[in-house]
Structure formats: structure tokens, C-alpha cells
Amino acid sequence: MISTHSFQFQIELPDAGLRLDEFFASRFGSLSRMRITNLIEAGACLVNGAVGRAGYRILAGDSVEISFDDGAPTSMSPEQISLEVIHEDEHVIVVVKPAGMLVHPTMSVKTGTLANALAYHLNKSRIEDGGWTIEDMVLGLPESLDPQSSFLNRPLVMRPGMVHRLDRATSGLIVIAKTPRALSVLSRHFRKRLVEKRYLALVRGNVEEEAGSISAPIGRDADQRPRWRVMESGKSAETRFKVLERAGRVTLLELEPVTGRTNQLRIHCAHIGHPIVGDEMHGNSESRIADCESQVTSLRIEDQPEIRDSQSAFRLCLHASRLAFHHPAGGEWMEFTSPLPADIVETVESYAGR
């Protein structure tokens, strides 16, 4: 049976300045940002009795209301999935995403994502203490909770704030905000390019220059595949590179994305004639066949579930190895590194031995 819930909040100083959608996201972790946006656009969220706007900055003393039903299950269901946590405090968490894992649920994939794993990790104590069941967490509204309780002045569910993303096939470091304020600050830092990111990529061929820059505009063409590619009408894009090692028919590069276009590193490497090993999307067919043959022989697939369970027999050799940013609360500069995964190391060694 579908139930409708209505809640009213009196805004206090700690929350003043938040966007209306950010405030509701902090209070109802089971509601996706898209659903909250849709609720606001539908007039289900009021500010001082008037229909609110998602971007309205709430003020101390404002009265805000929201109404929604619990008929639609969330795709952010908590799942007990192992995470490689590099750093965690009350504001942010830094993890290493494995290759083959989606960051967000999609229309077709609702489970097994980094968001599902984080939804469990961030609320682990509440679940394991027995106070809430997974079903409660999905709804975000325990039956025992009095709607007038002051508990509603705190987040019901801690919802991971995805500041940036990695492709499903890419492994490596990713930072997630644990509070709306941390999400807002980090998102602004990413937009202003105040964050440093480095990737390790194994590319086909011998890259002759020791270092350089790739500047080629990237755009989207719905009539061609891959849809994202280098095109004159695209947006400006720049990638810096440095050679770390040459191993037979491949080169290990350190890549720095100066801009952040969709699939930028993969597109740029392919554009200069050195596609990333394992790139099914942007590498040519001959390269894909060679990559498959190489990695199938160099890796024990039965020991690599993320490879075994993928649609192809090999992985994209791209790893987010370094991430540095200003802490969203204290402002201190924080640096994190992640070594090249063992499966990519084995692939490098297999090429070096030829």
C-alpha cells in the first residue's frame, strides 16, 4: 500500500545558505536528487507557504515543507559490498573503485554499483545496530519514527554525494562527499579546476615524445559510434602526458586531464594513434583483437572476477592513480595515490617479455 508522507521543517542557522534541493537531499537520503527536483518542479515543496525553487537558498527562520509517497523504490539501496577505503572523515571519503563497477545505478543496472556500496558503508552502524532494516533504509522512513520527532532535524540516511565519476571500465581513486556542504564545496573546486588528477594508462605503440600535450575538441554526434569523439564543433579539451615506461609494443603513460570532457583520455589517446589497451570503444578493431589475445594469455581470468564477468575477456588499462584537493571543511591540501593494479602490471610485463 502506497503511503503519502508530509514533513515540515523550521530552518536553523547551521542549514542557512543551502539550496532547497540540497536541504531535502540531506534529510531524505533515500530520495534521489532527480526525484527531489521533480517533486519541487511539481509543486510538492513549499517555502513559507509558497511553491519553492530548487536553487532557492534557504534562510534561518524559513518554514519548508515536502510531500511524497513511498510507492517507488529507490535505486540507491544499501548493499554490503567490500570497499577499498583510502581515507574517511566526517566530511569526505576517498575510495578505490575497481574496474567493472558502475559509479551510479542506471535504468538497467540497479545493484552492485559504488553508490549502493557507499549507501551501506555510510549507514553501516545504523543497520548493524539493528535499529533499521535495509527496507527502512530504502524508504528512509522507519515506521517507529514520529513525524514530529526532532530526529528529523538530522539526516535520516547518509547519502553519498558523487562529486565526480569514473567510467565503468576505469579503476582508481574517487572522492565522495558525506554532507551537502562538502558536496557543494568540492563540486565548485572541480568546476574551477582546483583539483589535481593523474591517471596511468597503458597505450598501444611506442610514444616517441617524453612528454607533451594533446589539444583536440571533443563533441557528441548521435549519428555515429562512438558518439563522443574529436570534432571541430566540439568543446575544447586538453590532456597532458608523460612517458613512464616503454615495454615492447606498448607505452605506460601518466595522463593529466586539464579539462574534463566525456571519455577525454580514451579519445585523446586514440586520436594520436595510441589507443589505450583494452579500449573497445575507441581502439580500432585490430587493436581490440590484439589486446584480447594479449590479456587472455597474460591474466588468469578465473582469478579476475571483474574481467570474467564483463562482456569482454579483458579490461581497459586505465587507472586513476592520484587525486589531490583542498579539504571542503578545513581547506588543507590532501593528496592520495593508488598504485597500478596487479592485472595491468601483468599486462605490462607480458608485453615487455615479447
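Every read-out reported here was derived from the displayed coordinates using simple, explicitly stated rules and does not represent laboratory data. Model, not experiment: these values are computed from the prediction. Because the Cβ atoms are built from the backbone with ideal geometry, glycine has one as well, and the counts that use them run over all protein chains shown.
I need the Kirkwood Rh of the range 4-69: take the reciprocal of the average 1/r across all distinct C-alpha pairs and report it in angstrom.
Result for the range 4-69, one decimal place: 11.5 Å.
Each residue of the range 197-202 in turn: what ³J(HN,Hα) in whole Hz from Karplus with 6.51, -1.76, 1.60 and θ = phi - 60°, glycine and Pro shown as x?
3J(HN,Hα) across the range 197-202, in whole Hz: 10, 9, 10, 9, 9, 9.
Could you go through the range 78-90 in sequence order and give the Karplus-derived ³J(HN,Hα) for each residue, using 6.51 cos²θ - 1.76 cosθ + 1.60 with θ = phi - 60°, rounded to whole Hz, and x for Gly and Pro?
So the Karplus estimates, Gly and Pro as x, are x, 10, 7, 10, 4, 10, 8, 8, 8, 7, 8, 9, 6 Hz.
Hey, can you grab everything whose amide H is under 5 Å from the amide H of Cys45? Only 5+ residues off in sequence or another chain; H modelled, so Pro and N-termini drop out.
Correct list: Gly52.
What pairs in Lys197/Lys235; Lys197/Lys242; Lys110/Lys197 have C-alpha atoms more than 18 Å from each other?
Flagged as over cut-off: Lys197/Lys235; Lys110/Lys197.
What net charge is computed for the residues neighbouring Asp221, neighbours being all others with C-beta under 11 Å from the C-beta of Asp221, Lys and Arg scored +1, Asp and Glu -1?
Net charge in that neighbourhood comes out at +3.
List the residues, sorted by chain then number, that are 5 or more residues from Val92 or on another chain and whose placed amide H is less than 5 Å from its amide H.
When sequence neighbours closer than 5 places are left aside, the close amide H contacts are Lys178.
Could you run the Karplus curve 6.51 cos²θ - 1.76 cosθ + 1.60 with θ = phi - 60° over the range 341-352 and give me ³J(HN,Hα) per residue in whole Hz, x for Gly and Pro?
x, 4, 5, 6, 4, 5, 5, 4, 5, 5, 6, 5
For the range 209-280, what are the per-bin percents of Cα-Cα distances with bins 10 Å wide, up to the bin holding the maximum?
Calculated over all Cα pairs of the range 209-280, the distribution is 20, 52, 23, 5 percent.
Peptides 44-51, 272-279, 218-225: what's the order by average Cβ count within 10 Å, highest mean first?
Result, highest mean first: 272-279, 44-51, 218-225.
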